[in-house]
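So the structure is just underneath, and the comments pick up after that.
The values are calculated or read from the model by the stated rules, or taken from the named source; none is laboratory data. Everything numeric in this text was worked out from a predicted model, so none of it was measured. We place every Cβ from the backbone using ideal geometry, glycine too, and count neighbours over all the protein chains shown.
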Amino acid sequence: MLLIAFEGIDGAGKGTQAKLLARWIREKGYDVFLTKEPTEGAIGKLLRKSLRTSCFDARTEALLFAADRSEHLREIMKKLHEGKVVITERYVYSSLAYQSASGLEMSWLREINSFAPEADLVIYLDVDPEVALRRISSRNSLRTSVREREHFERVEFLEKVREVYLALAEESENFEVVSAAGTINEVQTSIRRRVGRHLAAFEGEKKQGRQRALEDFT
């Protein structure tokens, strides 16, 4: 069916908006599978531990993210073949943005993630890092390690991540840049407008496919 990825820096509101979109799409009669990265699988749990304790270097973490994604894709592809709309909070673009901002080579990151197909639609929630960090601090972020506070939640780092995301959006037609500066409802309305166009196009392609099949049959 369709693979929709939510992307953005920490504090952009990906989880909230993904859940709201999933509910809206279900109300339209579609089956939806909502997921996220890192996963809750064995490799994903190892990654979460690394993010808390800094037990791996950046290159090892990048390989673990790719391995976790490889496992994740088996489930994603299964759900897509079942005709579901898959919505994932973070996907391969997170690795490209965060890990290249950490200093790893973009070409190498693309290579180790080359097995991952492009999402049909990427919703990139764009927000100023200062605003994002205020949101994180106001909700008592789950990130409690010194390493994460000093690295992942540092304004300068998030600005680099944002720059990479915006560059990815420039080079890809399937990226939709949505301002995350408004209220939750305002952002969700903007997302639904974009997703609605993609769903309509998908339904149109399905109808054309059925029509061609009937013509071939006759």
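Taking residues in the stretch 36-59 that are free of Cβ contacts under 8 Å to residues at least 12 places away in the same chain, and partners anywhere that are loosely packed, with under 14 Cβ neighbours inside 10 Å and assigned to a loop (DSSP other than H, G, I, E, B), the pairs with Cβ atoms closer than 7 Å and at least 6 places apart or on different chains are Lys49/Cys55. Against the numbered list (1) farther than 21 Å from Ser114 by Cα; (2) modelled with pLDDT of 95 or more; (3) more than 17 Å from the chain's Cα centre (by Cα); (4) not small (Gly, Ala, Ser), Leu63 comes up short only at (1). The listed residues are Leu46, Leu73, and the only one of them that is surrounded by 15 or more Cβ atoms within 10 Å (Cβ to Cβ), modelled with pLDDT under 95 and either touching a Ser or Thr at 6+ places or on another chain (Cβ under 7 Å) or farther than 19 Å from Val161 by Cβ (or both) turns out to be Leu46. Given the conditions (1) part of a helix (DSSP H, G or I); (2) modelled with pLDDT of 90 or more, and given that Glu173 satisfies all but one, which numbered condition is not satisfied? Evaluating Glu173 over (1) part of a helix (DSSP H, G or I); (2) modelled with pLDDT of 90 or more leaves (1) as the failure. Cβ-Cβ distances below 7 Å connect the following pairs, each with a first residue in the stretch 1-26 that is without any contact (Cβ under 8 Å) to a residue 12 or more places away in the chain, a second residue that is surrounded by fewer than 23 Cβ atoms within 10 Å (Cβ to Cβ), and a separation of six or more residues or different chains: Arg26/Val32. Scoring Arg149 on the criteria (1) among the charged types (D, E, K, R); (2) within 30 Å of Ser102 (Cβ to Cβ); (3) assigned to a helix (DSSP H, G or I); (4) at pLDDT 80 or above leaves a single failure, condition (4).
Regarding the stretch 111-130, can at least one residue be identified that is at pLDDT 95 or above, within 20 Å of the chain's Cα centre (by Cα) and assigned to a helix (DSSP H, G or I)? Yes: the stretch 111-130 contains one or more residues that are at pLDDT 95 or above, within 20 Å of the chain's Cα centre (by Cα) and assigned to a helix (DSSP H, G or I). Summed over the stretch 136-146, residues that are at pLDDT 50 or above and either assigned to a loop (DSSP other than H, G, I, E, B) or within 19 Å of the chain's Cα centre (by Cα) (or both) total 3.
Just the residues that are at pLDDT 95 or above and in contact with a Phe, Trp or Tyr (Cβ under 9 Å, 6 or more places away or on another chain), please, taken from the stretch 79-91. Hits for the stretch 79-91 are Lys79, Leu80, Glu82, Lys84, Val85, Val86, Ile87, Thr88, Glu89, Arg90, Tyr91.
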